[in-house]
Amino acid sequence: MSIVHQSLFELKELINKGEMTAVEVTETFLNRAQQLNPKVNAFISFNEKALEEAQRVDQRRQQGEDLGPLAGVPLAIKDLLCTEGLKTTAASKMLHNFIPPYSATVVERLQTAGAVVLGKANLDEFAMGSSNENSFFGPCKNPWSLEHVPGGSSGGSAAAVAASMAPASIGTDTGGSIRQPANFCGIVGVKPTYGRVSRYGIVAFASSLDQAGPMTKTVKDSALMLEVISGQDPHDSTTSSRRVPRWSEALSENLKGLKVGLPKEYFSDQISEDTRKAVENCIEIVKAQGAEVTEVSLPLVKYGIPIYYLIATSEASSNLARYDGVRFGHRSNFQEIPAKDLAEFYSRSRGEGFGSEVKRRIILGTYCLSSGYYDAYYKKASQVRRLLTEQFKKAFEACDVLLSPVTTHPAFRLGERVADPLQMYLNDIYTTATNLAGLPGMSVPAGFSQDGLPIGVQLSAAHFDEQTMFNVAYAIEQALNLTKRWPDVQQ
Amino acid sequence: MINEQDLEKVAVLARLSVSPEESQTYLKQMSAILDYFDQVSEVKTEGVDPLVTPTQIEEFWREDEVRETLEAEKALANAPEKVGHLFKVPPVV
């Protein structure tokens, strides 16, 4: 078996035992990723210094240095996280040539742990989208079927792992952007509790919702990566000082005494037959592992989409005000046609630099925050957000973990939903509430549709209780044993 | 209901040029989106404090001391135009 299908833990072992060097592993993935990229378009750019970085890891090993938990493992990083000296575009024309002068804390921590940055993964522009079709660098494709979307916004991060172009990746999740593509691509994707992971150096979309997290082949891989990137950061005052547990060492598939809640609002008749079967199968698994299953009710989640989009677009309109064409990013050609005033200077650069979904959201957000509408939209949404969060807290008094579908259907076809933004937004119907309430959530593979498309199951837990969520995911993963099935992208 | 004038006004507030064609498309799409969003008005929220940060924020203290920060060259490296240690912009008045 080629090493490309192995888990991060397996690769780490190979390198640790000296059976392969970091350079060999990195080279293998780099070659495969570059060969498959014209088909999948999972990467926007590759790190020209990847092999140099790997070489440094090998040298340090030779010198007997103590290496970090990810020593020599190459990773794909969503092109929303700043990487010093390596182009970071947010998949936008606005930042198509932006070279960050510093790295995101997440990237720094991964590199300190010995990881090698393989390249920058494709995404929806500024992480705004659910299909990866809104990229200035072209859509990313689903490795299981190139006519289908990989999901979004972390589509490239998901596709790179599913196609074994990278053993693992980092995505970001504002309303489902890690869980939904993980679900569409048949991998594990984790959105941590809000405050677990530093947002410093990550291009901001909606700051009260954004979290970065791991996307991997196995639950244990995700647990380990999250250990590396979590923890307080002086550069992000919303990060928590709580101790970061060793989740990967405490995984247990024994669910005795655990209560798993099924939110009845998430089991609607809109769910496809294949998805329903896969999720019901997971319910049987957790029962067989000793968990008690109970129905819970979260009546306010039916407002999840409107609250989410009202808040996310409002925050985005404010965050994206920094792109003014003055200090960095796209500037319109004023030598040819001069601007008549300062407003035109900004408007033209921004109008040319942003794609249509980003503009739509800036306009929506500005509208929701404008005087006369603020109370009815932004403030109202933030009030309902509190009520919704309280409902979740109550639900977690009755159970330890929530289990539900991630989306109503498996991956849809490219182009199928681009003309109707509301239809696209409704994609996030089961994922946005997790972000609104700041809860940890994840998608873990649950099976396949009759057409061979992956289906995941969503788990979420109380604030900072990632361990319980990981254990349920681990039990499902061990029972289903799907991790050795991968798509044949070469065809 | 959002109309053409509203959209124009918002585009000015957001400093975002929008072509007439884009404007027509956005107007149609935004009407549908805002209609859908209006359902939040059904929820009773009298006296409810808006929630901004979902997990509890801790007080974050640090010494007020001089620390290293980005060098000027690095900060200017991505500037569309620059002169010395300054960002250069075209005359706009």
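Any read-out appearing in this document is the output of simple, stated calculations on the displayed coordinates, not a laboratory observation. Here the structure is a predicted model, which is why all the values come from computation and not from measurement. FYI the Cβ positions are ideal-geometry reconstructions off the backbone, even for glycines, and counts take in every protein chain you see.
Key figures for this structure:
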item	result
Largest-first principal axis extents, alpha carbons of segment A:56-130, Å	45, 26, 17
Those chymotrypsin sites (Phe, Trp or Tyr not before Pro) in segment A:286-371 that DSSP places in a loop and that have at most 13 other beta carbons within 10 Å	none
Calculated from backbone phi, Karplus (6.51, -1.76, 1.60) coupling profile of segment A:195-203 in Hz, x at Gly/Pro	x, 5, 10, 5, 9, 5, x, 9, 3
Sequence of A:ASP236, B:ASP49 once ranked by neighbouring C-beta atoms within 10 Å, starting from the fewest	B:ASP49, A:ASP236
Stretchable slack from A:SER241 to A:LYS340, in nm (0.36 nm times residue separation minus alpha-carbon distance)	30.6 nm
Net charge contributed by nearby residues that have their C-beta within less than 15 Å of A:ALA411 (K/R +1, D/E -1)	-3
Mean shadow area of segment A:260-387, taken as a quarter of the surface of its Cα convex hull (nm²)	12.6
Expected-Rg normalisation [2.2 N^0.38 Å, Cα atoms] applied to chain A	0.92
Estimated 222 nm signal from helices in the protein assembly as shown, with DSSP H stretches of n ≥ 4 weighted -39500 (n - 2.57), rounded to 500	-11000 deg cm²/dmol
Cα-based equivalent ellipsoid of chain B: semi-axis lengths in Å, sorted from largest, via gyration tensor	39, 31, 10
Cα-only Debye scattering, segment B:40-93: base-10 log of I(q)/I(0) at q = 0.22, 0.25 Å⁻¹	-0.96, -1.07
Long-range tail of P(r) for segment A:128-261 (Cα pairs > 23 Å, %)	37
Cα gyration tensor of segment A:382-491 - equivalent ellipsoid semi-axes, whole Å, descending	28, 22, 9
12 Å beta-carbon shell around A:ASN122, net charge (K/R +1, D/E -1)	-1
31 Å tail of the calculated P(r), segment A:3-256, as % of Cα pairs	15
Computed E for A:GLU13/B:ASP38 - FRET, C-beta separation, R0 45 angstrom, nearest 0.05	0.25
From phi via Karplus (6.51, -1.76, 1.60), per-residue ³J(HN,Hα) for segment A:265-272 in Hz, x at Gly/Pro	5, 8, 10, 8, 7, 7, 6, 5
Globularity index of segment A:25-94, i.e. its alpha-carbon radius of gyration over 2.2 N^0.38 Å	1.27
Convex hull volume per residue in cubic angstrom - Cα atoms of segment A:211-331	214
Dimensionless Rg ratio for segment A:1-131, taking C-alpha atoms and the 2.2 N^0.38 Å reference	1.07
B:GLU8 paired with A:VAL293, simple spin-label distance in nm, labels 7 Å along Cα-to-beta-carbon	5.8
Value of D in µm² per second that Stokes-Einstein yields for segment B:1-41, Kirkwood Rh from Cα pairs, at 25 °C (0.890 mPa s)	228
Principal-axis tilt of helix B:4-13 within chain B, Cα atoms, nearest 10 degrees	20
Cα→Cβ-extended label distance, 7 Å offset, between A:GLN423 and A:ASN333, nm	3.7
Convex hull (Cα only) mean projected area of segment A:403-442, reported in nm² to one decimal	3.4
Other protein chain Cβ atoms within 10 Å, averaged over every residue that makes up A:341-350	4
Mean Kyte hydropathy of 0.5 or more with a Cα span along the axis of at least 15 Å, helices from DSSP in chain A	A:219-229
FRET E, pair A:SER2, A:LEU146, Förster distance 30 Å, beta-carbon r, rounded to 0.05	0.90
Evaluated at q = 0.19, 0.22, 0.26, 0.33 Å⁻¹: base-10 log I(q)/I(0), Debye formula over Cα of segment A:270-312	-0.81, -0.86, -0.90, -1.01
